[in-house]
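The structure under discussion appears below in the form of structure tokens.
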Amino acid sequence: MNGNYIITAIAPQNGKHNLYHDEMRGSIASVVSAEIGDGAVIRYIPEYDNRPHYVTTSTVKSVEEGDNSLVIETNNTIYTLQVVTEAEFTSVWDGGFAVATSCKVNMATKEVFDIEVSEESADGLDVLDEQYITIDGEKFPVFDAETDDGYWYKG
């Protein structure tokens with residue numbers, strides 16, 4: 001349960017819609033605690049103010065860790081979180097000029113997001129040769145989905 005996640009789904013057990021669930025969904029989060037029999041504490045950063053917020057859940061019934069996900073079931077709600085890791089995003093231009101910045105990667109969906117804008121000047125760069133991310137020293141090609149949804153990696 002250590003590390004960063006993105007909250008991908010929140011399903012109320014009783015069908016009641018809670019407004020704070022809307023601000024949590026899609027946020028970067030970490031699990032402060034999630035012990036069966038106690039309330040879980042989830043730290044999340046909503047987009048509207050980019051500051052940490054905390055929520056204490058109802059009593060935890062189960063915690064299931066998968067390869068790239070975490071599901072916390074409470075008396076009232078099921079929270080699904082996916083693992084997010086830091087990576088390096090590299091663009092190679094004009095036959096070898098490389099620009100590297102930091103990014104985040106959703107390890108379950110392979111989405112690459114929060115790509116830092118480079119301080120390097122883009123003047124005179126014409127042809128993008130390749131883009132890739134590096135995670136734990138391993139290089140993975142990145143592609144632009146045919147949508148406005150961003151970048152994804154193959155691997």
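Shown is the FRET efficiency for residue 61 and residue 117, computed with R0 = 41 Å from the Cβ-Cβ distance and rounded to the nearest 0.05: 0.45.
Straight-distance candidates among the lysines for linking to residue 110, with alpha-carbon spacing under 20 Å and chain neighbours fewer than 8 residues away dropped: 139, 154. Once you sort the root eigenvalues of the Cα gyration tensor of the range 44-155 as a ≥ b ≥ c, which label holds: rounded (a/c under 1.5), prolate (a/b larger than b/c) or oblate (the other case)? The shape class here is prolate. Mean residue ellipticity at 222 nm, helices only, the chain: -1000 deg cm²/dmol; runs of at least 4 DSSP H residues each add -39,500 (n - 2.57), and the sum is divided by the number of residues.
Going by neighbour counts of Cβ atoms within 10 Å, the residues 19, 125, 81 line up, fewest first, as 19, 125, 81.
We did not get these values from a lab; they are worked out from the coordinates using the rules stated. Quick caveat: nothing in here was measured; it's all calculated off a predicted structure. Using ideal geometry, Cβ is built from the backbone for each residue, glycine included, and neighbour counts are taken over all protein chains shown.
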